[in-house]
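Report on one structure; see the data block that follows.
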Amino acid sequence: MDITQMYESTVLALGAMAALMLVQLIVADVVGIRSKHSPGSAVPADHANLLFRSTRTVANTNESVAIFVLATLFCIYSSASPSYTAYAAWSFVASRAVYAVCYYGNLQLLRSVTFGIALLCLLALMAIGLSVWV
C-alpha cells in the first residue's frame, strides 16, 4: 500500500491546517482594512481590540504550525499508526480552529483550554512517532 493512501486522512489534515491558516490571514487582513490600520505599523496590545486579537491568532498559529508539520511528518516517515496519527492531526486542526474562534470572540478561558488541547495533540503526535522507535 502506498504511503499516501495509508496516511490519506493525515495529509487531508495538513491541507485543512493550511486552509485554516489562510482563513486566519484573510480575517486579520480584512479586520485591518476595516479598522483603517496602516500596514506595517505596530498593532497596540489590547485584547479589547479585534485587530489585536486577529493578528495574535495568526502569530500564535505561525508559532505552532512548524511543530505540527514536523511531528506529523515524523509519524508518517516512522510508519507510525495511520489511524492514531490522523486522530491526533485532526484533533490539532480542530482545536486550532476553535482556538481562533475563541480568540476572535475574546473568550479567554475557552481559548486557553483549546490552546492546551492543541498542545496535547502535538505531544500525542510526538509520542505516536516515538512509539515506533522504542
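The values are calculated or read from the model by the stated rules, or taken from the named source; none is laboratory data. Because the structure is predicted, anything quoted here is derived from the model rather than measured. Here Cβ is always computed from backbone atoms with ideal geometry, including for glycine, and neighbour counts include all displayed protein chains. Heavy atoms of the whole protein, side chains included, go into the accessibility calculation; ligands, DNA and RNA do not. Shrake-Rupley method; radii C 1.70, N 1.55, O 1.52, S 1.80 Å.
Some values worked out for this structure:
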{"read-out": "Some residue of the range 1-19 being of a type in the set (Val, Ile, Thr) and surrounded by fewer than 14 Cβ atoms within 10 Å (Cβ to Cβ)", "value": "yes"}
{"read-out": "Odd one out for Leu70 among (1) in contact with a helix residue (DSSP H, G or I) (Cβ under 8 Å, 6 or more places away or on another chain); (2) open to solvent by 40 Å² or more (accessible area, probe 1.4 Å); (3) modelled with pLDDT of 95 or more", "value": "(1)"}
{"read-out": "Residue match in the range 40-58 (condition: modelled with pLDDT under 95 and among the hydroxyl-bearing types (Ser, Thr, Tyr))", "value": "yes"}
{"read-out": "Residues of the range 20-36 classified as open to solvent by 50 Å² or more (accessible area, probe 1.4 Å) and over 20 Å from Phe115 (Cβ atoms), total", "value": "8"}
{"read-out": "Residue under evaluation Leu51, criteria (1) open to solvent by 80 Å² or more (accessible area, probe 1.4 Å); (2) more than 24 Å from Leu120 (Cα to Cα); (3) not β-branched (Val, Ile, Thr), criterion not met", "value": "(1)"}
{"read-out": "Hits in the range 73-92 (condition: of a type in the set (Val, Ile, Thr) and open to solvent by 10 Å² or more (accessible area, probe 1.4 Å))", "value": "Ile76"}
{"read-out": "Those helices (runs of 4 or more DSSP H) lying entirely in the range 1-116 with at least 1 residues within 22 Å of Trp133 (Cα to Cα) and aromatic (Phe, Trp, Tyr)", "value": "50-77, 82-104"}
{"read-out": "Residues within the range 32-81 that are in contact with a Ser or Thr (Cβ under 7 Å, 6 or more places away or on another chain) and closer than 27 Å to Thr4 by Cβ, tallied", "value": "4"}
{"read-out": "Every pair of residues 6+ apart whose Cβ atoms lie under 6 Å, when the first sits in the range 1-30 and is over 14 Å from Thr61 (Cβ atoms) while the second is aromatic (Phe, Trp, Tyr)", "value": "Ala13/Trp90"}
{"read-out": "Failed item in (1) open to solvent by less than 30 Å² (accessible area, probe 1.4 Å); (2) within 23 Å of Asp2 (Cα to Cα), with Ser131 passing the rest", "value": "(1)"}
{"read-out": "From the options Ser112, Ser95, residue that is among the polar types (S, T, N, Q) and loosely packed, with under 15 Cβ neighbours inside 10 Å", "value": "Ser112"}
{"read-out": "Glu63, sole failed condition from (1) surrounded by 12 or more Cβ atoms within 10 Å (Cβ to Cβ); (2) within 19 Å of Ala124 (Cα to Cα)", "value": "(1)"}
